[in-house]
Amino acid sequence: MRPPAFWSNPPDRPGLPAHLLRPLSALCAAATARRVAGPGHRAAVPVICVGNLTAGGTGKTPVAVDLVQRLLARGRAPHVLSRGYGGRLSGVRVDPGRHGAADVGDEPLLLSAFAPVWVGSDRAATADAAVAAGADVLVMDDGFQNPGLVKDLSIVVVDAAAGFGNGRVIPAGPLREPVAAGLARADLLVTVGDAEAQARHDARWAEAWSGPRLRASLAPLGTGMDWRGLRALAFAGIGRPEKFFDTLAGLGVDLAGTRALDDHQPLTPALLSRLRHDAAALGAQLVTTEKDAFRLPASERGRILTLPVRLQAENDSALVLSLSRIGL
């Protein structure tokens with residue numbers, strides 16, 4: 001389900017629905033505050049959490065991928081911990097040879113191409129299992145509001161264009177907790193977006209954070225394919241599908257149509273049949289995101305093009321310094 005439009009209002013004009021929903025938001029904020037105040041398990045190795053304050057996509061998984069690659073380049077043995085959203089299994093190490101998105105979720109499968117990944121709601125248990133299997137540093141993909149593990153480094157990721165929306169907590173806005181309360185527990189802020197988006201974030205939210213910040217963007221991974229002139233029907237089930245569509249347009253793709261799906265939406269046979277029919281009618285090639293591709297049945301993966309993206313940091317000194325402070 002797409003988020004309500006008023007969630008994207010400026011913080012100084014949150015909208016009438018946000019005002020009416022304030023009592024429910026206060027209850028949600030109080031519940032989150034109680035939860036994050038709980039005692040956590042201290043793992044035997046450093047724990048880095050990559051999370052966010054808002055519901056929906058911010059770019060945290062590309063940040064986690066970048067972080068894992070940096071740690072590998074330093075000779076470390078990182079393992080990733082994930083809740084495995086959308087998967088039916090819990091407390092398991094991801095095996096891409098036998099697990100699908102319905103088992104462990106799409107993001108864990110994507111991350112498993114870079115490092116061992118463990119899924120489960122009990123973060124303490126999966127942390128101990130990862131350490132027993134050889135991990136010398138743990139990267140939490142999400143879990144900023146989960147108190148199960150003590151974090152040595154907490155990274156909050158925000159979509160620079162969207163910022164923190166109207167600044168209100170669910171259901172009055174997109175926030176999982178108030179901005180001030182969440183950022184008080186953060187060690188590093190990563191804002192993801194182009195120069196225009198970064199400027200927009202600065203205009204609305206610069207005063208909310210005075211600590212270390214990494215400005216970054218998502219850039220297409222060079223695969224050797226020339227996208228210019230390709231007539232495509234693009235579909236995406238990510239937090240902000242329009243970012244994917246804009247990336248394709250920037251590569252010179254002729255977008256005959258776009259289909260914005262819900263985040264993690266199952267790619268059912270009926271949906272894929274409709275997409276194939278629409279693409280044929282438009283004389284277009286189907287294109288999707290790297291994350292969505294992991295929810296495709298094997299029979300479709302050779303027929304639908306995928307555009308992977310990776311994080312590009314404007315200046316990584318803030319991240320390098322944050323890692324050094326925890327001995328990494």
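Quick note: the coordinates plus some simple rules give every number you see, no bench work behind them. Note that the structure is predicted; figures quoted are calculated from it, not measured. Every residue, glycine among them, receives a Cβ derived from its backbone with ideal geometry; neighbour counts consider all protein chains shown.
So here's what we get for this one:
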{"quantity": "Mean Cα-pair separation over length for the chain, i.e. relative contact order, pairs under 8 Å, 6 or more apart, %", "calculated": "21"}
{"quantity": "Protection-proxy order for peptides 30-41, 107-118, each taking the mean of Cβ atoms within 10 Å per residue, highest first", "calculated": "107-118, 30-41"}
{"quantity": "Value at 222 nm in deg cm²/dmol, rounded to 500, when DSSP H runs of n ≥ 4 in the chain each add -39,500 (n - 2.57)", "calculated": "-9000 deg cm²/dmol"}
{"quantity": "Full-stretch length increase - Arg274, His19 - with 0.36 nm per residue and alpha-carbon distance subtracted", "calculated": "87.9 nm"}
{"quantity": "Simple Cβ-charge dipole of the chain, Lys/Arg +1 and Asp/Glu -1, about Cα centre, in debye nearest 20", "calculated": "440"}
{"quantity": "Candidates per trypsin sites (Lys or Arg not before Pro) in segment 223-273, loop by DSSP, up to 11 other Cβ within 10 Å", "calculated": "Arg228"}
{"quantity": "Orientation-averaged projected area, Cα convex hull of segment 164-296 (nm²)", "calculated": "10.1"}
{"quantity": "Top of Ser154, Ser25, Ser210 by mean-square fluctuation, Gaussian network on the chain, Cα under 10 Å", "calculated": "Ser210"}
{"quantity": "Sequence ranges 276-283, 287-294, ranked by mean other-Cβ count within 10 angstrom, highest first", "calculated": "287-294, 276-283"}
{"quantity": "Straight-distance crosslink candidates among lysines, where the alpha carbon sits under 29 Å from Lys243 and sequence neighbours closer than 8 are dropped", "calculated": "Lys60, Lys291"}
{"quantity": "Calculated FRET value between Ala44 and Glu314, using beta carbons and R₀ = 25 Å, to 0.05", "calculated": "0.15"}
{"quantity": "Most mobile of Pro17, Pro241, Pro174 in a GNM of the chain (Cα contacts under 10 Å)", "calculated": "Pro17"}
{"quantity": "Alpha-carbon gyration tensor eigenvalues x 5, square-rooted, for the chain, Å", "calculated": "30, 25, 20"}
{"quantity": "At least 18 Å along the helix axis (C-alpha) and Kyte average at least -0.5, DSSP helices within the chain", "calculated": "22-36, 60-73, 269-282"}
{"quantity": "log₁₀ of I(q)/I(0) at q = 0.10 Å⁻¹ - segment 91-197, Debye sum with one point per alpha carbon", "calculated": "-0.38"}
{"quantity": "Which of Ala44, Ile326, Leu189, positive extreme of dipole for the chain (C-beta unit charges)", "calculated": "Ala44"}
{"quantity": "For the chain, built as a Gaussian network whose Cα springs stay under 10 Å, the top-fluctuating residue of Gly97, Gly257, Gly56", "calculated": "Gly97"}
{"quantity": "Separation of alpha-carbon centers, segment 208-253 and segment 62-107, rounded to whole Å", "calculated": "22"}
